[in-house]
Amino acid sequence: MAVPKRKTGRSVTHSRRSANCKAPVPARSVCPQCGAAKRPHYVCGNCGYYKNREVIVTE
């Protein structure tokens with residue numbers, strides 16, 4: 001049976017474990033009306049359009 005020669009340090013263990021715990025970056029798309037960045041399948045917070053229709057009235 002293989003036995004390690006030395007103890008693995010805390011920083012090595014934590015950095016290895018944290019490599020798999022990164023939060024995913026939310027997807028972004030461009031609004032066709034105003035060109036602002038928005039989440040896909042969501043109403044644009046800048047102009048209020050969704051699927052080329054005005055859903056929320058903004059001024």
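The values are calculated or read from the model by the stated rules, or taken from the named source; none is laboratory data. None of the values given here were measured: they were computed from a predicted structure. Areas reflect the complete protein model, heavy atoms only, side chains present, ligands, DNA and RNA absent. Shrake-Rupley method; radii C 1.70, N 1.55, O 1.52, S 1.80 Å.
Evaluation of Ser11 against the conditions (1) more than 22 Å from the chain's Cα centre (by Cα); (2) assigned to a loop (DSSP other than H, G, I, E, B) shows that the sole unmet condition is (2).
Only residues that are open to solvent by less than 80 Å² (accessible area, probe 1.4 Å) and basic (Lys, Arg) were counted across the stretch 1-39, and they come to 1.
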